[in-house]
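The values are calculated or read from the model by the stated rules, or taken from the named source; none is laboratory data. Only a predicted model underlies this, so the values are computations on that prediction, with no experimental measurement involved. With ideal geometry, Cβ positions are generated from the backbone for all residues, glycine too; neighbour counts draw on all protein chains shown.
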Amino acid sequence: MAEQYQNSVTIHNSYNHLQFVNTKPYSQRKGELVYLGRLVSIKGVDTLLHALHLLKQRDCFPKLTIIGDGEERENLMALTQTLDLVAQVNFVGKKMGVNLVEALNEHKIMVVPSKWREAFGIVALEGIACGLAIIASEGGGLKDAVGPCGVTFPNGDATALAAAIQHLWNNEAAIQPFQAAAASHLQLHERTAIAHRYLEVIESVSNQFADEKKNYLFVFASYSILCASF
């Protein structure tokens, strides 16, 4: 199986760099932690709540905003009560467009605590673009989306997540290197950069079969699809 993919190329997803932008300095942000996504079991919001409970036992009380909705909302709200976190956790429902960008820019740290191995993680790029440091699960492709702009922890490990939160919470010095790396990391994931990467691969493939007429039709069709997509 490994031999089949030895010449494969990984091209990551892009994000909307025109919508998700950093509009507020870190020092002016009143929000602390934010989660953005569906409220379903595989997204690991319960792991995040258990991490906050562990921190509370250490007299550490970061506040969390949960943006999104889903089938687990009621269960997660009940768990918030059970863990005595009501004063720290705010469920605000879905947000979109300008309202979402404004909400993200009010916070300092985005947590992406997925239990399953995400294929990538555009939400992390959106958070980075809005000036947030990222704490994310390390399994799957999330670590590639985070890059040098945050830290990762083992999927589903509330203790490790609590340690990561405690390290970055109200610690601007620890977050500054992530912010310094954001621009160059994000540039790699803008739509034009990803489109050019696809075209490079298509051109490389076409060069290997330059004598085959049907390959030119393939390249033309691929180029047309890319132009329409980006």
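Brief remarks on what is shown
- Taken together, the residues in segment 50-72 that are over 19 Å from residue 104 (Cα atoms) and either touching a strand residue (DSSP E or B) at 6+ places or on another chain (Cβ under 7 Å) or among the charged types (D, E, K, R) (or both) amount to 6.
- Looking across segment 60-87, the residues that are out of contact with any helix residue (DSSP H, G or I) (no Cβ under 8 Å at 6 or more places or on another chain) and closer than 23 Å to residue 152 by Cα come down to 63, 68.
- Qualifying residue in segment 47-67 (condition: over 17 Å from residue 165 (Cα atoms) and either surrounded by fewer than 18 Cβ atoms within 10 Å (Cβ to Cβ) or assigned by TED's automatic domain parsing to the domain that holds residue 155 (or both)): yes
- Residue in segment 50-57 that is in a loop (DSSP other than H, G, I, E, B) and touching a Phe, Trp or Tyr at 6+ places or on another chain (Cβ under 8 Å) present: no
- Total residues in segment 132-154 satisfying the condition of being over 16 Å from residue 42 (Cα atoms), out of contact with any Phe, Trp or Tyr (no Cβ under 6 Å at 6 or more places or on another chain) and surrounded by 23 or more Cβ atoms within 10 Å (Cβ to Cβ): the figure is 4.
- Once segment 26-46 is narrowed to residues that are in contact with a Phe, Trp or Tyr (Cβ under 9 Å, 6 or more places away or on another chain) and part of a loop (DSSP other than H, G, I, E, B), the residue that is surrounded by the fewest Cβ atoms within 10 Å (Cβ to Cβ) is 32.
- Tabulated pairs, segment 24-43, first modelled with pLDDT of 95 or more, second among the aromatic types (Phe, Trp, Tyr) and buried (at least 16 other Cβ atoms within 10 Å of the Cβ), C-beta under 9 angstrom, 6+ apart or interchain: 32/169; 33/169; 39/91; 43/35
- Answer residue from segment 169-179, given it is touching a residue at least 60 places away in the same chain (Cβ under 8 Å) and in a helix (DSSP H, G or I) and is surrounded by the fewest Cβ atoms within 10 Å (Cβ to Cβ) among those: 172
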